[in-house]
Amino acid sequence: MAVGVETVLVGLPWRVPRRRRSGPSFWAETSAGMLVPVGAAVLAVVSGPSWFGDAPAWWWYPLGATAGMVLVLLGGMNLRALVSGDLAFLYGPTPRPQALARVTTSLLSPTGEEVVFRGAYLAAPAVAAGPLGLLAAAAFVARHHIAPGANRRGSARATVTEVSAAAVLLGLTVASGSILPALVAHVVNNAPSIVFELQREHDKGGAP
């Protein structure tokens with residue numbers, strides 16, 4: 001139900017193109033998109049299911065980090081240009097409210113998304129775990145293509161990357177019996193985007 005409510009909220013006709021939106025408008029859409037992941041993360045912390053709190057063997061964490069780096073490379077971001085700042089210069093500045101909203105999403109979403117989309121497999125009865133895990137993986141991909149406006153997610157490469165991420169994160173969860181390795185991979189995958197948005201932000205308050 002919560003996923004359905006979030007889908008409706010994010011799918012509302014928010015003002016486009018995105019660069020011309022006001023800060024409050026952009027934050028409103030961002031908050032709608034964080035309804036499910038933040039709510040799921042809070043629920044997991046409060047209820048404390050074993051698959052959320054129990055840690056797998058230590059070597060799952062570097063394996064998860066490696067998987068996250070592979071996903072970053074698959075996504076095609078030029079990391080050398082990111083480190084030098086040339087990538088941010090190429091794309092140009094973005095209003096501070098929008099940049100900070102994207103950074104907030106990238107920081108807060110991984111935990112909740114892993115609870116919802118990978119925890120679904122671990123929490124389900126054995127007979128339903130496989131189908132439910134695949135359904136959750138498909139929902140994970142779909143969720144990243146709901147938002148309107150230009151978000152560079154419509155390309156074939158972006159779609160392939162999202163599908164690959166869904167498969168890799170589910171695979172880590174199934175093999176380890178925990179969402180934590182997938183969470184590490186998810187955080188590593190999001191890190192370059194966080195750096196990118198912080199490099200682009202400026203304090204003009206509106207699009208140039």
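Annotations for the structure displayed:
- Residue within segment 151-159 that is surrounded by fewer than 21 Cβ atoms within 10 Å (Cβ to Cβ), of a type in the set (A, V, I, L, M) and modelled with pLDDT of 90 or more present: no
- L87 vs. criteria open to solvent by 40 Å² or more (accessible area, probe 1.4 Å) and in a helix (DSSP H, G or I): no
- In segment 65-102, residue modelled with the lowest pLDDT [restricted to those that are charged (D, E, K, R) and closer than 28 Å to A167 by Cβ]: R102
- When segment 53-74 is limited to residues that are open to solvent by 40 Å² or more (accessible area, probe 1.4 Å) and within 20 Å of the chain's Cα centre (by Cα), the one that is farthest from L170 (Cα to Cα) turns out to be L73.
- Taken over segment 33-48, residues that are open to solvent by 30 Å² or more (accessible area, probe 1.4 Å) and assigned to a loop (DSSP other than H, G, I, E, B) amount to 1.
- Taking every residue in segment 88-104 that is over 13 Å from F196 (Cβ atoms) and in contact (Cβ under 8 Å) with a residue 12 or more places away in the chain and pairing it with any residue that is open to solvent by less than 60 Å² (accessible area, probe 1.4 Å) and in a helix (DSSP H, G or I), at least 6 positions away or on another chain, the pairs with Cβ-Cβ distances below 6 Å are P97/G23; P97/F26; A101/F26; A101/T30.
- Tally of residues being open to solvent by 40 Å² or more (accessible area, probe 1.4 Å) and modelled with pLDDT of 90 or more across segment 129-150: 5
- Check on L107, within 16 Å of the chain's Cα centre (by Cα) and open to solvent by less than 30 Å² (accessible area, probe 1.4 Å): no
The values are calculated or read from the model by the stated rules, or taken from the named source; none is laboratory data. These numbers come from a predicted model, not from an experiment. No Cβ is skipped: glycine too gets one built from the backbone with ideal geometry, and neighbour counts run over all protein chains shown. Just so you know, the surface numbers come from the protein's heavy atoms only, side chains and all, with ligands and any DNA or RNA stripped out. Shrake-Rupley method; radii C 1.70, N 1.55, O 1.52, S 1.80 Å.
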